[in-house]
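Notes to accompany the following structure.
The numbers here are math on the coordinates, done by the rules we state, and not lab data. Since this is a predicted model, take the numbers as computed values, not measurements. Cβ: placed from backbone, ideal geometry, glycine included. Neighbour counts: every protein chain shown.
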Amino acid sequence: MKVARVLVVAAVCLALVACSPQPRRAAKSTKARKPAATVVRRTPPPPVPAYRPYTPWGEHSIATRLADIGPKARQRWWPHFDAARTAYPPWYAVIAAFKRERRVEVYAGPSPYELALVRSIDMTAASGGPGPKLREGDRQVPEGVYAIQKLNPNSLYHVALRLDYPNDFDRMMASMDGRHRLGGDIMIHGSDRSIGCIAVGDQAAEDLFVLAADTGLDNVSVVIAPSDFRRDGGPPRMPGRPPWIGELYARIDRTLRTLPLPRPPAPPPSVGEVTADGRRTPR
């Protein structure tokens, strides 16, 4: 009896399910679905700084100094190189400093034997007097032919070119004399103060700093003389100086003789004279 009842109940349930209305399936659309839009996200460019970040004193590298002062210094050099008809940066350069004249002259060209005077710079300070540097603390600017040892972008006097004083000749002569404390840290720098160095003012120091960096330190030499031997007829006689001073000045003189003398300026045309370009000066 129980089995019969279960069968009857099952049959009734099946009948009810068969008679109940089935849900209608949605008709498939014949239209093609549009692909989902792709959102492209672009990374915004970094903001352009309105000013160059300030580098505190003492934290400059040569690269940051060149980035800071290089563009304006090169613009100041270009007219001088154009007038001298030589390319910038040059293959070779000589910085000649004359104590008596208180002048620094810059020569440049494609080789050490093809140089032209590019620019003259006035010294703002140079301590001591004529004659070589002999010992530490004598406040003398050295005399001789030197290389640029390194560039100092954090000088107390703006920027500086450090010379290789004492060089081999200086040490050899000191050994002969029995001198030991020769001093050092001799530079060409900015400002207008000197304790054995050559000061040329901040802007000129920037120009020399950039010139040396662009040319390459190995391609720049510095000659420091008591005066311009080319105009003086040769090295001076200096009684009471060390016996080797003649050899030193002969070395300086040989270097100076490779540098061309500046051409004297042409005299102005007289009134009514026809100039080289065919123009006549007013009467």
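Normalised by residue number, the volume inside the convex hull of the Cα atoms of the stretch 88-168 is 131 Å³ per residue.
Does the stretch 62-256 come out rounded, prolate or oblate, given a ≥ b ≥ c as the square roots of the eigenvalues of its C-alpha gyration tensor, rounded meaning a/c under 1.5 and, failing that, prolate meaning a/b above b/c?
Values: a/c = 1.92, a/b = 1.44, b/c = 1.33.
Prolate shape, in that a/c is at least 1.5 and a/b is the bigger ratio.
Note on ASP185 and LEU217: the extension gain reaches 9.8 nm, defined as 0.36 nm multiplied by sequence separation minus the Cα-Cα distance.
The label point for ASP168 and the one for ARG241, both projected 7 Å from the Cα toward the Cβ, are 2.3 nm apart. Using a ≥ b ≥ c from the Cα gyration tensor of the stretch 62-133 (square roots of the eigenvalues), is it rounded, prolate or oblate, where a/c under 1.5 gives rounded and otherwise the larger of a/b and b/c decides, a/b for prolate? Verdict is oblate for the stretch 62-133. Near GLY196, the amide H atoms lying under 5 Å from its own belong to SER127; only residues 5 or more places off or on other chains count, and H is placed 1.01 Å from N. For the stretch 62-256, the residue among PHE209, VAL220, PRO142 whose Cα projects farthest onto the positive side of the dipole built from Cβ charges is PRO142.
Given the peptides 85-98, 177-190, 224-237, arrange them by the average over their residues of other C-beta atoms within 10 Å, most packed first. List each step's numbers first, then the result.
Working: 85-98: 19.6, 177-190: 17.8, 224-237: 16.0.
In descending order of packing, they fall as 85-98, 177-190, 224-237.
When the charge dipole of the stretch 62-256 is built from unit charges on Cβ atoms (+1 for Lys and Arg, -1 for Asp and Glu) and taken about the Cα centre, the candidate among GLY233, LEU151, ILE186 whose Cα reaches farthest toward its positive end is GLY233. Between GLU136 and ARG100, the modelled labels are 3.3 nm apart [label points 7 Å from Cα along Cα→Cβ].
3J(HN,Hα) along the stretch 176-192: 5, 7, x, 8, 10, 8, 8, x, x, 6, 8, 9, 9, 9, x, 6, 9 Hz, from the Karplus curve 6.51 cos²θ - 1.76 cosθ + 1.60 with θ = phi - 60°, whole Hz, x for Gly and Pro.
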